[in-house]
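Take this structure, written in structure tokens, and hold onto it; I'll ask about it next.
Values in this text are rule-based calculations from the coordinates and carry no lab data. The structure presented is a predicted model; accordingly, all values stated were derived computationally and were not measured.
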Amino acid sequence: MDLSPRTIARNSRYGLILFVFYVLFYAAFVWLSAFRPETMKREFAGVTLAVLYGLGLIVLAFVLALIYMTLCRGRAGGDE
């Protein structure tokens with residue numbers, strides 16, 4: 001496992017980028033919930049957008065974690 005400052009900086013950068021990406025999606029969820037509740041009440045196949053969006057946030061967090069794990073692995077045989 002490579003714990004060089006360069007690798008730590010790269011992994012931190014990846015984490016921050018993915019975190020900002022997630023925060024933007026979460027902020028949109030909060031904004032819709034607070035200022036457009038009628039939009040969140042819309043139903044799709046009997047399920048409200050609020051529930052679908054919430055489940056989507058959970059799935060997105062998991063997918064982003066997998067992406068982060070893949071990005072931080074580095075290449076076999078050395079860093080970059």
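Tilt of helix 5-35 relative to the longest C-alpha principal axis of the chain, in degrees (0 to 90, nearest 10)?
It works out to around 0 degrees.
Relative to the longest principal axis of the chain, what angle (0 to 90°, nearest 10) does the C-alpha long axis of helix 49-73 take?
Result, in degrees: 0.
A follow-up question, please. Would you compute, from DSSP H runs of 4+ residues alone, the mean residue ellipticity of the chain at 222 nm, taking -39500 (n - 2.57) per run and dividing by the full residue count, rounded to the nearest 500?
It lands at -26000 deg cm²/dmol.
Could you tell me the convex hull volume per residue, in Å³, taken over the Cα atoms of segment 20-66?
For segment 20-66, the hull spanned by Cα atoms encloses 57 Å³ per residue.
Using all Cα-Cα distances in the chain, what percent lands in each 5 angstrom bin from 0 up to the longest?
In whole percents, the pair-distance histogram is 3, 14, 19, 16, 12, 10, 8, 7, 5, 5, 1.
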